[in-house]
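The values are calculated or read from the model by the stated rules, or taken from the named source; none is laboratory data. Computed from a predicted model, the values in this text were never measured in an experiment. Positions of Cβ are backbone-derived with ideal geometry, glycine not excepted, and every protein chain shown enters the neighbour counts. Calculation scope for accessible area: heavy atoms of the full protein, side chains included, ligands and nucleic acids excluded. Shrake-Rupley method; radii C 1.70, N 1.55, O 1.52, S 1.80 Å.
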Amino acid sequence: MNRLLSALAAAILLTAAPLSAQQPDNRPVYLDPDAPIEERVEDALSRMTLREKIAIIHAQSKFSAPGAPRLGIAELWCTDGPHGIRPEVMWDEWDQARWTNDSCIAYPALTCLAATWNRDCAQLYGISIGEEARYREKDVLLGPGVNIYRTPLCGRNFEYMGEDPYLASEMVVPYVQGVQSQGVAACVKHYALNNEEQHRHTVDVDLSDRALYEIYLPAFKAAVTEGDAWSIMGSYNKYRGTYACHNHRLLIDILKGEWGFDGAVISDWGGVHSTEEAIHNGLDLEFGTWTDGLREGASNAYDTYYMAAPYLEMIERGEVGTEELDDKVRRVLRLTFRTAMNNDKPYGAMCSEAHSETARTIAEEGIVLLKNERDNLPIAADAKRILVVGENAIKMMTVGGGSSSLKVKYECSPLDGLRAYYAGRAEVAFARGYVGDVTGNYNGVVTGQDLRDKRSPKRLIEEAVEMAQSADHVIFVGGLNKSDNQDCEGTDRKGLELPYNQNDVIEALAAVTDNLTVVFVSGNAVAMPWIDEVESVVQLWYSGSEAGNALARVLSGEVNPSGKLPFTFGRKLDDYMAHANGAKFPNPKKVFYHDDIFVGYRGFEERDIEPLFAFGHGLSYTTFEYSDLKLTSREIEANASVQQASVTITNTGNRPGKEIVQLYVADPEASVARPKKELKGFAKVELQPGESTTVTFTITPEHLAFYDEIKGGWHVEAGEFRVIIGASAADVRLEESFVVK
Ligand code: BGC
């Protein structure tokens, strides 16, 4: 009997022994799930056939890649991103799958997150959205987006983190870390130079290396080198003649070379155009090449992806080896073991109370009080009749705008939020004011709202004006929306002006009330020709599921506003350097960024243009005093020492509040043109009335350097540097200088 058993065991062992290349090893790869990831990667790679390797580097459906079923290597599931978890679509099509359990919490858009200037908010955001992604069994979250706000016309600015590379870098890192703490990869997008939408598939961007390294790359670099992002998405546009999804300089030289990125480069959906370039120039995972996968292919359209059969055939014909393929497979396996096959990942959660609270807290911290004459806000405690005017007070904003469109569990509109907050205390009436875009359907998700109103613009204004005359406080809620040519992927805005006849409505209201608050729901700057006629202006952004509750708590004074602008509001389009020289926008073919490093406030300050509202601007219901700027040394060594600057902030008003203290650095005498100043530090501090605190910033040589185009690296020049402490880029409070030897 024993002999029989050992003979049997020997037979089993023989079958399990390594097989030849033609007969692959069939053991599942997860024999030791606790082994270090790199060992698991090499183990899996060594067992995969050529066809399995080819299969794992391209999609099998709209949002998934197949893994290697024979070896038990899991599928990888992606989801948009970046403000909530996208509803399920069909296997092969963009159409809704019509599930009934895929509603999510909408977090505020990333412009709002950036406006919090609060790194803890970014981390909380990442953790919360990561939990929802995890619960929905997604492995890769397609976000966050960190393309720089170059022009207010870019339709997708609302999905990004503003105009300043330092602010975006500081905010993206905790977001990425938060998401990934859930065993879900962040996919930082759109790398790189996706600064316009209309012609994003064709535009060929060129710019100086200085602008590339100083303005457009830092947030991506921080996401990779400090946030350890596990994946990155190539953008649609070209850079210097080659598509970004397979651009050697961007992907091989910079991302994988200079920054040591060990994750996977994922194409934007349909961003791949060449097998040969994809093989050699650093793309790892191809998605979305044909929109309707099975419909358009003869058999399985995914086989015709650039990195599918065409790649396999090139290998079989001996035109290319498998070195590049193995590198791609390693990266996809690493991504899989970090996410789908990560044994330590938590289980996630969906639409929890904690998630609603996160959404509300971030919205509250991101709301920016732009103007507040005569302490018009908060709304007087004895106000009995509040009038809300405007379509954006009622229109659902989580539906529309492109791939970030959501199906939400709920969305509290500004009107609903105000009515709930003031219930039993004041009457909150509503007048439509204007009719903008009544669409209530995006990609099969319907809002269920019927916003049609046949009355003439004149009649709507008359009604609002009439009601305003007897109101204690009038709140106009307008701005942009998520329809084409507004804040919307795939299209750009046509001008800086407010759409529809909103300016007329605001002017008519301003003429009959002295308590007018204008609230903007938008992710972009708008021109405000009536600015001197209104008492208050509030930037609400697209604040997600909790927008209305957050707004009510800020307008009522329950929450003291503490957000500041992550980009400059100009008075007219030409105020922005990108438009100053009359450059054509949007541009279908080649564009050279003549504005160079002078993006955002750097451009306004270079040309001495007074913005409507400066970068970093945001008011509070209390006041703050800045004093005692001290530097640790008057002289430091270039590349060796570190400088510290400390400053005291005091809450001089009578309410608790939060202030965002900003540190800028200037290099007044340099051998190259340098911005008048650049943000290199910020801190958000909370203070009780009368309370003071000291904030200490560390200034490293990196903060003083510029990108030297000739030497191809960062360089600090000797001489005087100025440390500027401001409440915004335009509100400088204290200055000191020191010398670099
Ligand atoms: C967008 C990406 C998005 C992808 C998948 C593309 O059109 O540019 O941001 O993640 O679609 O929906």
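For this structure, a couple of remarks:
- Distance between modelled label sites at residue 420 and residue 42, nm, 7 Å Cα→Cβ extension: 5.5
- Amide H within-cut-off set for residue 431, under 5 Å, with H built and near neighbours excluded: 388, 389, 390
- Beta bridges by DSSP in the chain, antiparallel share as percent, to the nearest 5: 55
- nm² value of the averaged projected area, convex hull over the Cα atoms of the range 123-233: 6.8
- Cα long-axis angle, helix 119-135 against the chain (0 to 90 degrees, to the nearest 10): 50
- Helix 457-469 vs. the chain, principal-axis angle (Cα, 0 to 90°, nearest 10): 60
- Loop-located trypsin sites (Lys or Arg not before Pro) in the range 467-565 whose Cβ has at most 15 other Cβ within 10 Å (DSSP): 494
- For the range 372-520: rounded, prolate or oblate by the Cα gyration tensor [a/c cutoff 1.5]: prolate
- FRET efficiency, 1/(1 + (r/R0)^6) with R0 51 Å, evaluated for residue 34 and residue 592 via beta carbons: 0.45
- Surface share of carbon and sulfur [accessible, 1.4 angstrom probe, percent] for the chain: 49
- Against the chain, whose longest principal axis is taken from its Cα atoms, helix 2-16 shows a tilt of about 60°.
- Inter-centroid distance (Cα atoms) of the range 571-639 relative to the range 664-741, Å: 14
- Shape of the range 616-741, Cα gyration tensor, a/c cut at 1.5: prolate
- At R0 = 35 Å, FRET efficiency that the Cβ-Cβ distance of residue 638 and residue 119 yields, to 0.05: 0.80
- The chain - percent relative contact order, Cα under 8 Å, separation 6 or more: 14
- Annotation: extensible slack from residue 353 through residue 70 equals 97.8 nm (criterion: 0.36 nm per residue apart, minus Cα-Cα distance).
- Accessible surface for the chain, divided over its residues, is 37 Å² per residue with a 1.4 Å probe.
- Semi-axis lengths, Å, the chain, gyration tensor of Cα atoms, sqrt of 5 times eigenvalues: 46, 32, 25
- Extension gain, residue 91-residue 380: 0.36 nm per intervening residue step, less the Cα-Cα distance, totals 98.7 nm.
- Value at 222 nm in deg cm²/dmol, rounded to 500, when DSSP H runs of n ≥ 4 in the chain each add -39,500 (n - 2.57): -7500 deg cm²/dmol
- Distant-in-sequence amide H partners of residue 481 (H built 1.01 Å from N, under 5 Å): 487
- Under Karplus coefficients 6.51, -1.76 and 1.60, residue-wise ³J(HN,Hα) of the range 351-357 in Hz, glycine/proline x: 6, 7, 4, 4, 5, 4, 5
- Calculated FRET value between residue 373 and residue 449, using beta carbons and R₀ = 35 Å, to 0.05: 0.55
- Whole-number percent relative contact order across the range 359-602, with pairs defined as alpha carbons under 8 Å at least 6 apart: 31
- Sequence ranges 556-563, 670-677, ranked by mean other-Cβ count within 10 angstrom, highest first: 556-563, 670-677
- Charges were assigned to the Cβ only: +1 to each Lys and Arg, -1 to each Asp and Glu. The resulting dipole of the chain about its Cα centre is roughly 1000 debye.
- Hz values of 3J(HN,Hα) by residue in the range 711-719 - Karplus curve (6.51, -1.76, 1.60), Gly and Pro given as x: 7, x, x, 7, 9, 10, 9, 5, x
- Among the listed pairs 221/684; 189/328; 189/658; 62/345; 53/590; 328/590, those with a Cα-Cα distance over 27 Å are 189/658; 53/590; 328/590.
- Figure note: 344, 268 ranked by solvent-accessible area, largest first, 1.4 Å probe, ligands and nucleic acids not counted: 344, 268.
- Mean separation of Cα contacts under 8 Å (6+ apart) over length of the range 622-740, as relative contact order %: 31
- All Cα pairs of the range 512-565, percent lying beyond 14 Å: 59
- For residue 185, nonlocal amide neighbours, meaning residues 5 or more places apart or on other chains whose placed amide H falls under 5 Å from its own, are 140, 141.
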